[in-house]
Amino acid sequence: MNPDTIPNRRTIVDRLVTRLAELLRLESTATVSEESRLREDLGVDSLGLVDLVTLVEEDFSIRFATNTDLSEIHSVGDVAALVEGRMRDSAQG
Amino acid sequence: MAIKPPYPSFTTPDTIDDFFIAGRNLWPDLKDLSKLSYERSKTPDDVVRFLRSTTLNEHGVAHYLGGYFHNYHDDYKLRFWSAMWTAEEYTHYIVLRRIIQGLGEDLTEADFAGLEDGDYVENYLAYLERIKVDPAIDSRMLQLIYGVLQEYAAVIAYTAAAEQCNDEGMAAILKRVAKDEMRHCRFNQVALEAMLEHCSEDERALVWPQFRAIWGDLRMPTEHIEYFSVIGATDLYTSLWDGEKRSRIILYLSHYFSQFRKYCKTDGAPV
């Protein structure tokens, strides 16, 4: 992955919001933001985490390391930061 | 959805044969384990509770076997394997019981009596019937998908216990058990993948949703053994999971089963 092609945080968040709205079958993306908490606000349970991991990995063409601590991921912004970090790691080879 | 009848004449291929050789003589020091003793005061109560419950669970594997034989129907290799798997898990019972005896926390007659007092095969088959995503799914496929989850959950549980037990010798034994469970998990994967080579597209499309259905409703081991509800051990496999362990199982299972998403007809959210 070319470091220059890594999308900025805003773009990552926007893509995540769209994909989360699809995943959760929300009528619009208006109720999802960078600050939205996955469990408390969006109802993402452990099954939802499986779906989220799968979608994010496919959508951003990344693969989370098995030792990634998902318990540190509380909000949409946290997911975006994780995605951005993973893309940078991939770019560095 | 057009699904061919379950139980085709196909028999699980030779790719699983290595598993019949691996695993022999893994516990040559079994007799020596009886000489071990442990300091109860060093061992966290949660770990002791897990060890007692999992020892009982490993003793109860005969009840699992009845359900597995039913689900594997006339596939003799899978039936052979399930019998061998049962023997390996029973070996774990012997090992684990020596640990809890060494801790002064042995099982009681009431535990064994409670374990035997239930309709386990019927409960398990009823659970699988309820959790099916398609009435026509091959019961072997269903069992193998469940097996991947079950065995990997055991890997995580024993790994967590090894990390939390505060005893190097006990930890080494628990890690060996975890390693066996990982091999069991791998068997289910290899057999599932071999089976899928002989399945229709429609049947392959059931793997991902069936995984999700089982993961979303996982209550192990109470699917098999009612007594865990009686003694408050329904969280047997999950009681020692912290955030890192929960992350590990979610990522491992997501990574493994997502390879089958390509067979699903929908291209959007995982369904």
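Just counting partner chain Cβ atoms within 10 Å, what average do the residues of peptide B:242-251 show around their Cβ? Provide the component values of the computation, followed by the final result.
Numbers: counts 2, 5, 6, 2, 5, 11, 5, 3, 9, 12.
So the per-residue partner count for this stretch is 6.
Would you mind checking the pairs B:77/B:245; B:132/B:262; B:132/B:179; B:42/B:245 and listing those with alpha carbons more than 24 angstrom apart?
Over 24 Å apart, Cα to Cα: B:77/B:245; B:132/B:179.
Taking a cut-off of 21 Å between Cα atoms, list the lysines near residue B:35, but don't count ones fewer than 8 places away on the same chain.
B:175
Once fully extended, how much extra length lies between residue B:262 and residue B:37, figured as 0.36 nm per residue of separation less the alpha-carbon to alpha-carbon distance?
Contour length minus Cα-Cα distance gives 75.9 nm.
Which of B:28, B:16, B:101 sits farthest toward the positive end of the charge dipole of chain B, with +1 on the Cβ of Lys and Arg and -1 on the Cβ of Asp and Glu?
The Cα lying farthest towards the positive end belongs to B:16.
Once whole DSSP H runs in chain B are found, which of them have Cα atoms spread over 15 Å or more along the helix axis and a mean Kyte-Doolittle score of at least 0.5? If you can, show how the numbers build up before the last one.
Working: long enough: B:45-59 (21 Å, -0.64); B:61-72 (16 Å, -0.17); B:76-102 (39 Å, -0.21); B:120-131 (16 Å, -0.07); B:139-164 (37 Å, 0.53); B:168-196 (42 Å, -0.06); B:243-257 (21 Å, -0.32).
Once both thresholds are applied, what remains is B:139-164.
Residue B:198 label point, 7 Å along Cα→Cβ, cut-off 19 Å on backbone N: hits in region B:54-96?
Those under the cut-off are B:68-83.
For the protein assembly as shown, state the average projected area of the convex hull of the C-alpha atoms over all orientations, rounded to one decimal in nm².
Values: hull surface 80.8 nm².
Computed as one quarter of the Cα hull surface, the answer is 20.2 nm².
Every read-out reported here was derived from the displayed coordinates using simple, explicitly stated rules and does not represent laboratory data. Bear in mind that the values here come from a model prediction, so they are computed numbers and not experimental data. Note that we place each Cβ from the backbone using ideal geometry, even for glycine, and neighbour counts take in every protein chain shown.
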